[in-house]
Amino acid sequence: MTQIYKVGFETADEGGAGTDAKIRLTLKGSRNISQTFGPRIFLGDPEHFEQGNTPRRGQDVFDLDTGDYLGDLKYLYLQMDDRNTINNPAWRLNYIEVSTTVGEENKRWTFPVNKWIGTEKDPHNANIQVNNIVIDIDGVRNEGVTMEQFKQIGEPGGLQPKQNGKAGKAVITDEEE
Ligand SMILES: [Ca+2]
């Protein structure tokens, strides 16, 4: 079977925001978890993940075939490998948006990030490595997550999404007003 997910990444339009690091992405829905995509699929074009790139202009959009529909999409797991990148590897990622078609229905999810992720080498940021992150529709929830933990996130007895998401609270407040 074929099930194409279009996944787009928006990089912030500010100095040093782009990255050449190796990226891996795994999707988890209510029914199933995808394989891990990358890093090769995200490489091959030196213009990927440049400052200001946005899926609204068709940039950094990738077709990922999960084989089957994953159900309502709950979590993304984003890993960065910047060990061999000396060129300012930290990434200021605004969001990841995902869409797919089920039958005749178009489904779309946006996963806000709005922070620097990746290495501590970036001059604009950060003394703390933010990597192996779990993102839900309210923002970045967990950092330093292993693949085994990700497979169980949100399940009984598994890793639970951290409820410290300032982005999530802001979104809820906006909707209530
Ligand atoms: Ca950078």
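Overview of results
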quantity: Per-region count, the range 141-157, residues in contact with a Leu (Cβ under 9 Å, 6 or more places away or on another chain) and under 13 Å from residue 76 (Cβ atoms); calculated: 4
quantity: Contacts under 7 angstrom Cβ, first residue in the range 10-38 being under 21 Å from residue 58 (Cα atoms), partner more than 16 Å from the ligand (Cβ to nearest atom) and of a type in the set (D, E, K, R), 6 or more apart; calculated: 37/24; 38/24
quantity: Condition check for residue 92: under 13 Å from the mean Cα position of the chain (by Cα) and not hydrophobic (A, V, I, L, M, F, W, C); calculated: yes
quantity: All positions within the range 55-94 that are β-branched (Val, Ile, Thr) and either touching a residue at least 60 places away in the same chain (Cβ under 8 Å) or within 16 Å of the ligand (Cβ to nearest atom) (or both); calculated: 66, 85, 86
quantity: Checklist (1) surrounded by 19 or more Cβ atoms within 10 Å (Cβ to Cβ); (2) in contact with a Lys or Arg (Cβ under 6 Å, 6 or more places away or on another chain); (3) modelled with pLDDT under 95 applied to residue 28, failing item; calculated: (3)
quantity: Residue among 42, 37 that is surrounded by 15 or more Cβ atoms within 10 Å (Cβ to Cβ), among the aromatic types (Phe, Trp, Tyr) and farther than 19 Å from residue 144 by Cα; calculated: 42
quantity: Filtered residues of the range 78-109 (kept if crowded, with 20+ Cβ neighbours inside 10 Å and among the charged types (D, E, K, R)); calculated: 82, 92
quantity: Qualifying residue in the range 53-62 (condition: modelled with pLDDT of 90 or more and crowded, with 20+ Cβ neighbours inside 10 Å); calculated: yes
quantity: Residue in the range 100-111 that is part of a loop (DSSP other than H, G, I, E, B) and under 23 Å from residue 2 (Cβ atoms) present; calculated: yes
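The values are calculated or read from the model by the stated rules, or taken from the named source; none is laboratory data. A quick note: this is a predicted structure, and the numbers were derived from the prediction, not measured. Quick reminder, even Gly has a Cβ in these numbers, built from the backbone with ideal geometry, and neighbours come from all protein chains shown.
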